[in-house]
1. Before anything else, pin down the relative contact order of region 6-156: Cα pairs under 8 Å, at least 6 apart, normalised by residue count, whole percent.
2. Can you put ARG249, ARG469 in order, fewest other beta carbons within 10 Å first?
3. For a protection proxy built on the mean count of beta-carbon atoms within 10 angstrom, sort 159-166, 141-148 highest first, please.
4. List LYS351, LYS107, LYS328 from most exposed to least, where exposure is judged by having the fewest other Cβ atoms within 10 Å.
5. Setting aside same-chain residues fewer than 8 positions from LYS328, which lysines have a Cα under 25 Å from its Cα?
6. Using the Cβ atoms and a cut-off under 11 Å, what net charge is assigned to the surroundings of PRO237, where Lys and Arg are +1 and Asp and Glu are -1?
7. Considering only the other residues whose Cβ falls under 11 Å of the Cβ of LYS122, what net charge follows from Lys and Arg at +1 and Asp and Glu at -1?
8. State the three equivalent ellipsoid semi-axes of region 6-156, derived from the C-alpha gyration tensor as the square roots of 5 times its eigenvalues, in descending order and whole Å.
Amino acid sequence: MESKNTFILHETEAFMRGELDNVTVAHGRIVLDLVSGGHVPYGCYTSPAVPLPTFDALRVSWNAGTPPGTAVEAQARVMVDGNWTSWSSFGRWSPYLEREGAAPVTKGAVNLLPDSLVLDSKTATQAQLRIYLYTKDEHTTPSVSLVGVSVRAVDVIPAGGRPINARLHLMPYAVARRAPALQPVMDLAICLASLTNRWGADILPEEFALAMRDCRSTDAERNLSFAAAAAGCWGFPCWACWGNLALLRSEVRAGYGVIVGLESTPAQQAAGMPPLRYAALRGFRQGAQPAALLVDPYAAAEDFDTETELLLDDFLVAWNNTALCMRKRDPDGALPGCPARTSAWLRRVPKVAPDLFAMYIGSTQHVLPDDFCAALPAPAAPAAPEEAPAEDAAPTDAPDTPDSPAEIPVPQETASQAAPVHGGILAWSTLDEHPHATTAHRQFHYVTPEQGCIRLAVPPPPGTRAEPRKYTVYAIEPSGSMLVGDVMI
């Protein structure tokens, strides 16, 4: 599961090597301790110090189940010139919070970015991780199933590995066919869906896009740590790492796809691609002109046209050496607190309009707020690097020791937990002429609520007889939770 520059803690035996403060390991996951029948409000797991190849940058990954009212927060520190830096937080995470990655801050040689830590003119030789677990409800606990760190090694000759000729069958999706409001982050979400749906998960890219979105950073700075956390929440072990061609070849040889970051050429940017885009690696082709086989969501307007290939030399020039690795879903399935799908009824509202339909959960109407699809507030403009606290001071956004409960803010409810809801997606689809491998391959129509309902009527083509059609409605909240309902019209 790991390479020389990547360290992963997963399952009971690995977790027991670290320090447990107000937490325990149960069924292969880190959970809060039970005291007098209730979970303590917070706890901390600290990994052992990890020797790594000399490096100048670090990424942290975690997979956790966080039911509403709970959250986790990963932190890391590195050893520079024989001394440990202070702990750096990568933000609290839960699908049910307004998730924010780390605020950019510079402290000496340490530059903290939303999902990575970069050293300026310095290198480090060790790293250490810790992750805090929080809960507002003594009957509920978050659970951590994976914690990992990957570093960008310096002065290392990249390994090419043994060539391989293999092709994986990933699910292709195009950015052009997905929700326009989420387009800036959709390529990474599509890649997650491509990898998970090949194993029968049938997750919509929009579900991933909303669950992993970083509300602090700009859309151009997609948060790989949050993406790995979202995949892990659905039960797929996932982590971000720096890699080389040998890593990619070994993953494909083992039957696993990999998400890779590609830097677009000026010509590609002029054609509408972002400067950095994400694609799913689906194999390699050997021969006179070796090539990397990709699912590139920006490559075409139709789903199956996104299955492309790039000459291997061109691929290695475009690849920024970041990768997201994934494994099959754990036998236990999704983690507790994973965004869920709930069935809903659709009923016509004839007194308002014959083509308006209300959503019901059981016998109770679920009113869609007028601003259900409202855009999230734009991230604040980047400020000047913050003045860092003294070396021995605790980080301002988390306690430095696990025995200071007064300093630990309780996770707050956000849009997905209290009305009004902002940033959701409302869409409908009908059955196409031919069946599809996954729901996401259907033609989706993205709309906004009207008077708490959804308008579905579509006029039949001229000269045709209107026959009953099955409509499916999808109301996806900012947490990634979704209401799904069918109706015949």
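1. Details: 379 pairs, mean separation 54.2, N = 151.
The normalised contact order for region 6-156 reaches 36 percent.
2. Numbers: ARG249 21, ARG469 13.
Least crowded to most crowded, the residues run ARG469, ARG249.
3. Details: 159-166: 12.9, 141-148: 26.0.
Going from most to least packed, we get 141-148, 159-166.
4. Details: LYS351 7, LYS107 17, LYS328 14.
Fewest-to-most ranking of LYS351, LYS107, LYS328: LYS351, LYS328, LYS107.
5. LYS4
6. +1
7. On the way: positive: none; negative: ASP56, ASP81, ASP120.
The answer is -3.
8. Values: eigenvalues 162, 55, 28 Å².
Semi-axes (√(5λ), whole Å): 28, 17, 12.
Values in this text are rule-based calculations from the coordinates and carry no lab data. From a predicted model like this one, the values you see are computed outputs, not experimental measurements. Neighbour counts are summed over all protein chains in view; Cβ atoms, including those assigned to glycine, are modelled from backbone coordinates with ideal geometry.
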